[in-house]
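Everything on this sheet refers to the single structure shown next.
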Amino acid sequence: MDKQSQKIRVMFGRISKRYDLLNRFISLGLDTRWRRFLVRAAQLPDTGLVLDAGAGTGSIAIEIKKKQPLARVTAADITYEMIAEGRKRKQGCKIGWCQADALKLPFPDALFDAVTSGFLARNVHDIEGLIREQVRVLKPGGRLVCLDTSPVPDNILKPLVLFYYRYIIPVMGYLISGENEAYRYLPESTIKFIKPDRLAAILENAGLREVRFRRFMFGNISVHWGSKRQCT
């Protein structure tokens, strides 16, 4: 495990017990809407096999099971504490859990009908490698869908959003979780993250076709999706 992955694993382990509550507060309650859109974009077959990479406490995986009860869902995350919290959730027992590094997935090629992720790409040092690895385990024709923050767009709301990121989120995170570092890292990593069109290009270069993305929350959140090219 590289140093960046180790740092992320330890940091998210410290906030695992309050992670879902803080996500709800920070997103102003909109995170559920984004996950539901992601699940629709995955176009998963009724009994399909899906991997949720960087699953955290399993919010996306659980949403998939709610919408498609017959789907076979594997939730993989590098942080054991996140997995432990996910297993405690109401539908956590209906999901297969796996501790794994998203850059080195322990699965064979072309296994899954869909691969999803939420707030993962921003937390890895090799985004191209991350997407290639997800495409590797995806069946030809299968969907890859990723949800993440985007750099603050240049619009009239930018000063307000930057203030919210740099001052409100760290204070909120500290008051609820007692953790300071993680909730200073979140806004700074968002500000430095690549733009949605650049991420779309990475998906295309990794072997996806019909790549699209949709922005939410005044452009500060993006959901990208694309289908793996069929073998020729």
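The values are calculated or read from the model by the stated rules, or taken from the named source; none is laboratory data. Remember, predicted model here, so these are calculated numbers, not experimental data. Every residue, glycine among them, receives a Cβ derived from its backbone with ideal geometry; neighbour counts consider all protein chains shown.
Does residue 158 count as surrounded by 13 or more Cβ atoms within 10 Å (Cβ to Cβ) and either closer than 15 Å to residue 222 by Cβ or modelled with pLDDT under 95 (or both)? Judged against the criteria, residue 158 is a match. Of all residues in segment 137-155, one or more are surrounded by 18 or more Cβ atoms within 10 Å (Cβ to Cβ), over 17 Å from residue 51 (Cβ atoms), hydrophobic (A, V, I, L, M, F, W, C) and modelled with pLDDT under 95. Scanning segment 45-54 for residues that are crowded, with 24+ Cβ neighbours inside 10 Å and part of a loop (DSSP other than H, G, I, E, B) yields a single hit, 54. You will find that of 133, 128, the residue that is touching a Leu at 6+ places or on another chain (Cβ under 7 Å), within 25 Å of residue 3 (Cα to Cα) and not hydrophobic (A, V, I, L, M, F, W, C) is 133 and no other. The condition of being buried (at least 17 other Cβ atoms within 10 Å of the Cβ), in contact with a strand residue (DSSP E or B) (Cβ under 9 Å, 6 or more places away or on another chain) and closer than 30 Å to residue 188 by Cα holds for only one of 76, 71, that being 76. Out of 32, 57, report the one residue that is modelled with pLDDT of 90 or more and outside any helix (DSSP H, G or I). After applying the criteria, what remains is 57. Number of residues in segment 172-209 that are within 30 Å of residue 142 (Cα to Cα) and among the hydroxyl-bearing types (Ser, Thr, Tyr): the value is 2.
Within segment 21-46, residues that are in contact (Cβ under 8 Å) with a residue 60 or more places away in the chain and among the small types (Gly, Ala, Ser) reach partners that are surrounded by fewer than 20 Cβ atoms within 10 Å (Cβ to Cβ) and not in a helix (DSSP H, G or I) with beta carbons closer than 9 Å, at six or more positions or on different chains, in the pairs 41/212; 41/214. Within segment 86-106, the set of residues being of a type in the set (D, E, K, R) and in a loop (DSSP other than H, G, I, E, B) comprises 89, 90, 101, 104.
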